[in-house]
Amino acid sequence: MIILGMESSCDETSAAVIRMEEGRREILSNIVASQIEIHRLYGGVVPEIASRAHIEAISGITYEALETAGVMLADVDCVAVTSHPGLIGALLVGVNFAKSLAFAHGIPLVAVNHVKAHVAAAYLEYPDLKPPFLALVVSGGHTSYYRVDSYTEFCEIGGTRDDAAGEAFDKIGRVIGMPYPGGAEMDRLAYEGDPTAIKLPSPALLGDTAEFSFSGLKTAALNYINGERQKGREPNAADLAASYTKTVVDAIRRKTELALSQSGAKTLVLAGGVAANSHIRRELEALCRQRGAAFCTPSRSLCGDNGAMVAAAGYFEYQNGTFADTSLNASACD
Ligand code: KG4
Ligand code: ZN
């Protein structure tokens, strides 16, 4: 079947067309209109500006996705749209556009949870991947472990008590002068520094729970930067990126090992924008190899927000018979 997936939960407007059925998973198009250049001026996403930019982009990229896929609306079997969680104004643009399109053309509509969509990106590239498994979603808004019981049922078994890992990377990146979002640049710069140069507190919470707190780490790094500047020195950005990254990666590795042991899972799926981080990918792959577990992570282009992952999650909602109608609303919460 052919699914049109639409995503507008944060600062990427995206539409994609995929073909998905038993034994066949094909991305026919995946158009992403990023607003990064607009928000960069402000050092972070400005919600009202994001909503307006989605309104301007959504119609054009939807038709571009259909055209690139060589598909007409009459061929589309299902429209899938991210309805939660995310920025409410941004979500409303996608939800209302998808509802109108589905209603006007008589196409079934399904609502998709953004976090489940990140995980569903893995199904597009690992045809043998099947629940149950353990998923770690690391993004700008989430750092959570899920026991994935079925294609549509997730149970959160751990995660962060405050900030998300992506937010923590972006914040420190910004303070040391990187353009928003600093995550990818922190990843690159970490190779040039000494990971043992600066001692930082681990974001892994003590005890046998798969939980993190990134706020203490962020504050410690900020205090270090401010302390150096007060002494008239500019902190070594590469050493800071390397030490900060190692602290985050070590914590994620330790808590993932715990979550794998406690859940008894034989497969780990790593998803979300921060799953593009090369250090996290390498460490978790090594951890899974050591434990004899399978490791699945979408290619980096499918880690960030995109419509194809929404379409993939929508396929399973459709198979489950969970349809939405014109009363569908967006929600900022999980
Ligand atoms: O999933 P996503 O596109 O949006 C949300 O749902 O939040 O994730 C965006 C986040 C940003 O914080 C960005 O800095 C981070 O993913 N990110 C990275 C890397 N590439 C993107 N963080 C660390 N290393 C990367 N290579
Ligand atoms: Zn996301």
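Observations on the structure shown:
- Residue check, Ala102 buried (at least 20 other Cβ atoms within 10 Å of the Cβ) and without any contact (Cβ under 8 Å) to a residue 40 or more places away in the chain: yes
Table: residues versus (1) farther than 30 Å from Gln35 by Cβ; (2) open to solvent by 30 Å² or more (accessible area, probe 1.4 Å).
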site	(1), (2)
Pro181	no, yes
Asp187	no, no
Tyr191	no, yes
Asp194	yes, yes
Ile198	yes, no
Phe214	no, no
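One line per residue, one yes/no per condition, for (1) away from ligand 1 (no atom under 16 Å from the Cβ); (2) open to solvent by 10 Å² or more (accessible area, probe 1.4 Å); (3) without any contact (Cβ under 8 Å) to a residue 60 or more places away in the chain:
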| residue | (1), (2), (3) |
| --- | --- |
| Lys266 | yes, yes, no |
| Leu270 | no, no, no |
| Gly273 | no, yes, no |
| Ile280 | no, no, no |
| Gly321 | yes, yes, yes |
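- Tallying residues that are open to solvent by 20 Å² or more (accessible area, probe 1.4 Å) and within 16 Å of ligand 1 (Cβ to nearest atom) within region 1-42 yields 12.
- Taking the criterion of being acidic (Asp, Glu) and not in a loop (DSSP other than H, G, I, E, B), the residues of region 281-334 that qualify are Glu283, Glu285, Glu317.
- Verdict on Gly173 being away from ligand 2 (no atom under 16 Å from the Cβ), part of a helix (DSSP H, G or I), open to solvent by less than 10 Å² (accessible area, probe 1.4 Å) and more than 24 Å from Val79 (Cβ to Cβ): yes
- Hey, Ala165 within 16 Å of ligand 2 (Cβ to nearest atom) and either at positive phi or open to solvent by 60 Å² or more (accessible area, probe 1.4 Å) (or both) or not: no
- Of the strands (runs of 3 or more DSSP E) lying entirely inside region 35-140, those containing at least 2 residues that are closer than 19 Å to Ala16 by Cβ span 78-84, 109-113.
The values are calculated or read from the model by the stated rules, or taken from the named source; none is laboratory data. In this text the structure is predicted, and so the values were computed from the model without any measurement. When we count neighbours, we look across all protein chains shown, and the Cβ atoms used for this are built from the backbone with ideal geometry, even at glycine. Ligands, DNA and RNA are stripped out before the accessible areas are found, and what is left, the full protein with its side chains, is counted by its heavy atoms. Shrake-Rupley method; radii C 1.70, N 1.55, O 1.52, S 1.80 Å.
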